[in-house]
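The values are calculated or read from the model by the stated rules, or taken from the named source; none is laboratory data. Everything quoted here is computed from the prediction, not taken from an experiment. Quick reminder, even Gly has a Cβ in these numbers, built from the backbone with ideal geometry, and neighbours come from all protein chains shown. Ligands, DNA and RNA are stripped out before the accessible areas are found, and what is left, the full protein with its side chains, is counted by its heavy atoms. Shrake-Rupley method; radii C 1.70, N 1.55, O 1.52, S 1.80 Å.
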Number of protein chains: 2
Amino acid sequence: MVKFSKKLEYALISLRHISNAGDEVTRVRDISEKYSIPHDLLAKILQKLKKENILASSQGINGGYTLSRKLDEIPLSELVSVIENGTSIVECMHDEDNNCLINDSCTIKDPLSKIQNEFENILKTKMISDFV
Amino acid sequence: MVKFSKKLEYALISLRHISNAGDEVTRVRDISEKYSIPHDLLAKILQKLKKENILASSQGINGGYTLSRKLDEIPLSELVSVIENGTSIVECMHDEDNNCLINDSCTIKDPLSKIQNEFENILKTKMISDFV
DNA sequence: ATAAAACCGGACTAATATAGTCGTATTTAA
DNA sequence: TTAAATACGACTATATTAGTCCGGTTTTAT
């Protein structure tokens, strides 16, 4: 029901690897081979991290990735929202016009939303460095 | 990525309805019609709740469900683990013998497990009555 | 120039998880 | 004995996630 995706796991693995490499640039191939992660899939993930300014990239024959920000300054919530498309735990029963199908009696969504908020707060307080 | 299933929502709706009905037995059909939930699907959910001793059932023509336990004594975590098959947020990269594929370098799982623990603690502290 | 890298987007397939259906048995009040 | 209910497993359908493939462009050390 509630679980993180492979993509998030791949991202964490990559960030740890790149972090450990220090100033040396890391190629997608280095990571994909070492951890048996599909190259093309991983490449897309790292591109997203670059757009989010978590990674810096250099092109050309000796190109690759380095960290752009310190991992203790990046909350896990940021990584999650970059990798996944949206973080909603709760989805109400609604029709295509977003009208609630349970009409006036729906008091389920709000309480579940509170759980989602608490969950997101956990993600906000945890920095990526906590996982590396 | 992280969200609750329809089944959990259906279960909460049903528990609230049955709770409001007091001593009167509630048929699956009552709930499925009122909230537009597929009858057979809902029936299975309520059967699971009966096995977990959250609901009591009576068969036969005037049969139906009533509450078996008070809703303020049932943590949401119990409902989740009954409805979903397991509550694991984190799944490690492992082969069919459960050996970690990242060998010695895998330190991703443990930290993510901590998040899962915190999440489960939230579910444990919330009673079903908080959502009804 | 060439090779190897990031960069880009989209369409596609495959695998998995969730949602929902169907058929049939069992129970029981009337 | 019949109708209406729960009980239960096998099945199909849909949605989501994971991964592949294509067809490139741009950059840069050698």
Exactly one condition in (1) on the phi > 0 side of the Ramachandran plot; (2) away from chain A (no Cβ under 14 Å); (3) exposed (fewer than 15 other Cβ atoms within 10 Å of the Cβ) is false for B:G64; which is it? (3)
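Looking at this structure, is A:K109 open to solvent by 50 Å² or more (accessible area, probe 1.4 Å), within 30 Å of B:N117 (Cα to Cα), at pLDDT 65 or above and more than 8 Å from every other protein chain (Cβ to nearest Cβ)? It would help to see each step written out before you state the result.
Working: open to solvent by 50 Å² or more (accessible area, probe 1.4 Å): yes; within 30 Å of B:N117 (Cα to Cα): yes; at pLDDT 65 or above: no; more than 8 Å from every other protein chain (Cβ to nearest Cβ): yes.
Answer is no for this residue.
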Hits in the range A:45-61 - residues which are under 15 Å from A:L79 (Cβ atoms), within 8 Å of DNA strand C (Cβ to nearest atom) and open to solvent by 30 Å² or more (accessible area, probe 1.4 Å): A:Q47, A:K50, A:K51
Identify all residues within the range A:12-40 that are within 12 Å of DNA strand C (Cβ to nearest atom), within 14 Å of another protein chain (Cβ to nearest Cβ) and loosely packed, with under 14 Cβ neighbours inside 10 Å; write none if there are none. A:E33, A:P38
